[in-house]
Amino acid sequence: MEHVVSPIAEIYPLMGTPELTELADSIRRNGLREPVVLRPDGAVLDGRNRLRACAIAEVEPRFVEFAGTDREALEFVVDTNSHRRHLSESARALVAARLATFTHGGRRDGGNPALLTQRDAAERLGVSERSVRDGKVVIDHAPAELVDDVQRGLIAVRAAAELIRAAGKDKILVAEYHRLRRASGSTEWYTPPHVLNLVTELFGAIDLDPASNEGEPWVTARTYYTKADDGLSREWSGRVFLNPPWDSQGSPGPWVAKLVDEYTTGRVSEAICLLPARVNTAWMDRLAPYARCFVRGRLRFGDATGDAPFAVVLVYLGDRVQEFVDLFDALGSCYGHLPPSSSAQ
Ligand SMILES: C[S@@+](CC[C@H](N)C(=O)[O-])C[C@H]1O[C@@H](n2cnc3c(N)ncnc32)[C@H](O)[C@@H]1O
């Protein structure tokens with residue numbers, strides 16, 4: 001049955017195919033944990049992705065009703081999604097900008113005051129008011145591909161708004177500027193959002209990203225170090241997510257060595273590290289005692305236009321091996337570490 005979608009549900013972007021496939025796999029294995037939430041008129045308030053995933057998994061969805069006011073419905077959607085999904089700061093700015101366009105009875109239609117001001121929306125989403133204003137420019141004037149790139153965090157909301165202003169808000173010119181910018185963009189192998197979602201699900205929050213990009217951080221972490229900070233020379237602690245820099249000239253060896261040292265001293269309590277799956281290297285040997293997930297197929301990194309030309313592995317350092325394996329099983333083949341008696345043979 002086709003469901004009407006509440007405009008409130010549309011303030012958050014739909015999941016991409018990898019995330020949706022994972023959700024469908026999880027629903028197939030474990031059933032639908034959270035029911036789909038409907039407004040009294042039957043419109044979907046929360047759970048558009050769960051509905052699509054149920055259809056793929058051929059699982060009958062369950063529904064509950066949310067009968068609160070429009071303002072309460074907005075608050076509910078923001079609360080539930082902010083805990084659930086990893087969104088870059090720029091993607092959150094777009095959500096905040098959409099949030100600030102709602103009035104009683106739907107999207108702003110002229111004279112009616114908004115249910116939430118831009119300042120309220122900025123606070124709710126943890127972004128600056130300036131980012132919300134930039135988000136509004138993007139929503140109002142950007143072609144779909146540019147909105148999509150901001151949503152995915154591939155271009156900062158501020159840069160997108162500047163590009164739009166430079167093109168005099170002419171959509172055709174904006175699209176052309178964007179295409180040129182993209183063609184000259186570099187690839188840094190940013191971690192795909194569906195992988196970060198799993199990391200956040202396991203950790204709750206990431207305490208440190210020691211190898212973060214310049215500018216707006218791609219990974220949401222409490223602390224992050226960029227090249228200018230030199231993450232390798234800092235002390236690491238808490239729950240760490242590491243996707244270290246490496247290329248054909250440089251190996252991730254020093255980063256792996258640092259991670260194992262910090263974990264062994266106990267300063268790092270848990271970590272997940274994304275690496276090329278080169279099993280015949282000295283640095284991979286150092287990770288031998290830890291659980292890992294060999295990612296099925298080829299990953300599409302966050303800033304790349306095509307799939308990575310290499311296989312990748314996610315290594316987990318921590319005590320919750322079973323939870324890691326249960327969660328990351330959706331991505332590929334997972335292996336827990338062997339108990340000491342058998343590994344000693
Ligand atoms: C593979 S990217 C990962 C970016 C992001 N953390 C992620 O997971 O998508 C590695 C990043 O490390 C940064 N980097 C390079 N040398 C660094 C250093 N010494 N300290 C901290 N970051 C560094 C690079 O600029 C690059 O953005």
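For the stretch 160-243, please list each of the strands (runs of 3 or more DSSP E) lying entirely inside it that holds at least 1 residues being modelled with pLDDT of 95 or more and of a type in the set (Phe, Trp, Tyr).
Values: elements: 208-212, 223-226, 238-242.
Once the strands (runs of 3 or more DSSP E) in the stretch 160-243 are filtered for at least 1 residues that are modelled with pLDDT of 95 or more and of a type in the set (Phe, Trp, Tyr), what remains is 223-226, 238-242.
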Only unsatisfied item for Ile155, checking (1) touching a Lys or Arg at 6+ places or on another chain (Cβ under 7 Å); (2) hydrophobic (A, V, I, L, M, F, W, C); (3) outside any helix (DSSP H, G or I), is (1)
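Pull up the stretch 26-54, narrow it to residues that are farther than 15 Å from Leu14 by Cα and small (Gly, Ala, Ser), then point me to the one that is farthest from the chain's Cα centre (by Cα).
The initial filter retains those residues of the stretch 26-54 that are farther than 15 Å from Leu14 by Cα, namely 26-35, 37-43.
Narrowing further to those that are small (Gly, Ala, Ser): 26, 31, 42-43.
Values: Ser26: 18, Gly31: 23, Gly42: 29, Ala43: 26 Å.
Applying the filter and picking the extreme gives Gly42.
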Out of all the residues in the stretch 188-217, which are within 8 Å of the ligand (Cβ to nearest atom), surrounded by fewer than 21 Cβ atoms within 10 Å (Cβ to Cβ) and of a type in the set (D, E, K, R)?
Glu188, Glu214
So is Thr220 within 20 Å of the chain's Cα centre (by Cα), more than 9 Å from the ligand (Cβ to nearest atom) and farther than 15 Å from Tyr290 by Cα or not?
yes
Within the stretch 2-25, of all residues that are in a loop (DSSP other than H, G, I, E, B) and under 20 Å from the mean Cα position of the chain (by Cα), the one farthest from Arg300 (Cα to Cα) is Tyr12
Could you say which residue among Gly266, Gly250 is over 22 Å from Glu22 (Cβ atoms), modelled with pLDDT under 90 and not basic (Lys, Arg)?
Gly250
If Trp236 meets every condition in (1) more than 9 Å from the ligand (Cβ to nearest atom); (2) aromatic (Phe, Trp, Tyr); (3) in contact with a Ser or Thr (Cβ under 6 Å, 6 or more places away or on another chain) apart from one, which number is that one?
(3)
Give me the pairs: first residue in the stretch 1-29 and under 30 Å from Ser333 (Cα atoms), second residue of a type in the set (Val, Ile, Thr) and assigned to a loop (DSSP other than H, G, I, E, B), beta-carbon distance under 8 Å, and six or more apart or on different chains, which are they?
Ile27/Val59; Arg28/Val59
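Could you tell me whether any residue of the stretch 95-104 is surrounded by fewer than 19 Cβ atoms within 10 Å (Cβ to Cβ), at pLDDT 85 or above and out of contact with any Ser or Thr (no Cβ under 7 Å at 6 or more places or on another chain)? First the steps, then the outcome.
Step one: of the stretch 95-104, the residues surrounded by fewer than 19 Cβ atoms within 10 Å (Cβ to Cβ) are 103-104.
From the residues that got through so far, the ones that are at pLDDT 85 or above too are none.
Among the residues of the stretch 95-104, not one is surrounded by fewer than 19 Cβ atoms within 10 Å (Cβ to Cβ), at pLDDT 85 or above and out of contact with any Ser or Thr (no Cβ under 7 Å at 6 or more places or on another chain), which makes the answer no.
The values are calculated or read from the model by the stated rules, or taken from the named source; none is laboratory data. Nothing here was measured: the structure is a model prediction, and the numbers come from that model. Glycine also receives a Cβ, built like all others from the backbone with ideal geometry; neighbour counts cover every protein chain displayed.
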